[in-house]
Amino acid sequence: MSKLSLDRILQSQGYGTRKYCRSLIEDGEVTIDGVVHDNFKAAIETDGLVFRLFDEDVVYREHVYIALFKPQNYECSRKPSHHPGVLTLLPEEFTWREVQPVGRLDHDTTGMLLMSDDGAFIHAQSSPKRHVPKIYQATTAAPVTEALIAELLAGVKLHDEPAPLAAQTCIQRGDHQLEIVLEQGKYHQVKRMLAAAGNHCSALHRSAIGGLTLASLGIEEGDWCYLTPEQLALLAPA
Ligand code: URA
């Protein structure tokens, strides 16, 4: 059980400043169970709360955990410079809630991007100690060879990295297609590893994180969905 004043509730869900949230409440825009609540000081139970605002039912969430199917030409950085940021693909409330990507994908990489406003979750997921496998589908400029796979599995030395980095698994999926599983999340890691092994990555897609696959989420490129506790549990290392 946890009660919050209605203005704090609206603000926590990303509906703007406290002042603006109060004005929405006083204007009679918020209903709960069909009853208008126009007192912003009213203490409301948040467990299981659903309120109605702008003709939409809103489920109260202390934190949000989402997966975005990132398209090409969107940047994960907070201050995007050459392309729109991934937050532009999400409802504006998420920007107010300070939802952030968990790790980064390059602007030209597509696929699964986790996002959340839970700092502890972001920190835990990004921790190098966690060893969460990330599954990538890489298209290579030159044909895939057994020697390339052997080199990626044995480990390649990257500039700025003290020790060689190895793929956890590496499976040929086509003449120019590789499925690469990495436990680390170093800057441009797949592209740099392929370059260090004498090939070139011409396209990259992240198809899964841990046991959670993008295909299982059933979302189209550019779309997002909330993750259930069961789906979040699949992100743990096997
Ligand atoms: N490795 C890369 O090179 N780029 C990404 O976006 C992700 C992993």
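The values are calculated or read from the model by the stated rules, or taken from the named source; none is laboratory data. Please read all numbers here as calculations on a predicted model, not as lab measurements. Heads up, the Cβs are rebuilt from the backbone with ideal geometry, glycines too, and the neighbour counts pull from every protein chain shown. Areas reflect the complete protein model, heavy atoms only, side chains present, ligands, DNA and RNA absent. Shrake-Rupley method; radii C 1.70, N 1.55, O 1.52, S 1.80 Å.
Structure above, values below:
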item: Tally of residues being part of a loop (DSSP other than H, G, I, E, B) and either open to solvent by 50 Å² or more (accessible area, probe 1.4 Å) or at positive phi (or both) across segment 165-184; result: 5
item: Residue satisfying condition, being in a helix (DSSP H, G or I) and touching a strand residue (DSSP E or B) at 6+ places or on another chain (Cβ under 8 Å), within set 10, 4; result: 10
item: Test: residue 218 is of a type outside the set (Lys, Arg), more than 22 Å from residue 86 (Cα to Cα) and either open to solvent by 40 Å² or more (accessible area, probe 1.4 Å) or not assigned by TED's automatic domain parsing to the domain that holds residue 145 (or both); result: no
item: Any pair with Cβ under 6 angstrom, 6 or more apart, that starts in segment 1-29 at a residue that is in the same structural domain as residue 39 (by TED's automatic domain parsing) and ends at one that is polar (S, T, N, Q) and open to solvent by 50 Å² or more (accessible area, probe 1.4 Å); result: 18/11; 21/11
item: Counted residues, segment 104-156 - those being hydroxyl-bearing (Ser, Thr, Tyr), more than 16 Å from the ligand (Cβ to nearest atom) and touching a residue at least 24 places away in the same chain (Cβ under 8 Å); result: 1
item: Tally, over segment 168-211, of residues that are free of Cβ contacts under 8 Å to residues at least 60 places away in the same chain and within 11 Å of the ligand (Cβ to nearest atom); result: 11
item: Residue check, residue 152 more than 15 Å from residue 194 (Cβ to Cβ), at pLDDT 95 or above and of a type outside the set (S, T, N, Q); result: no
item: Yes/no for residue 45 being closer than 17 Å to residue 7 by Cα and modelled with pLDDT of 95 or more; result: yes
item: Enumerated helices (runs of 4 or more DSSP H) restricted to segment 61-164, each holding at least 3 residues that are open to solvent by less than 40 Å² (accessible area, probe 1.4 Å); result: 119-126, 146-154
item: Residue within segment 15-25 that is open to solvent by 80 Å² or more (accessible area, probe 1.4 Å), outside any loop (DSSP other than H, G, I, E, B), over 15 Å from residue 94 (Cβ atoms) and of a type in the set (Phe, Trp, Tyr) present; result: yes
item: Residue within segment 197-214 that is within 15 Å of the chain's Cα centre (by Cα) and in a helix (DSSP H, G or I) present; result: yes
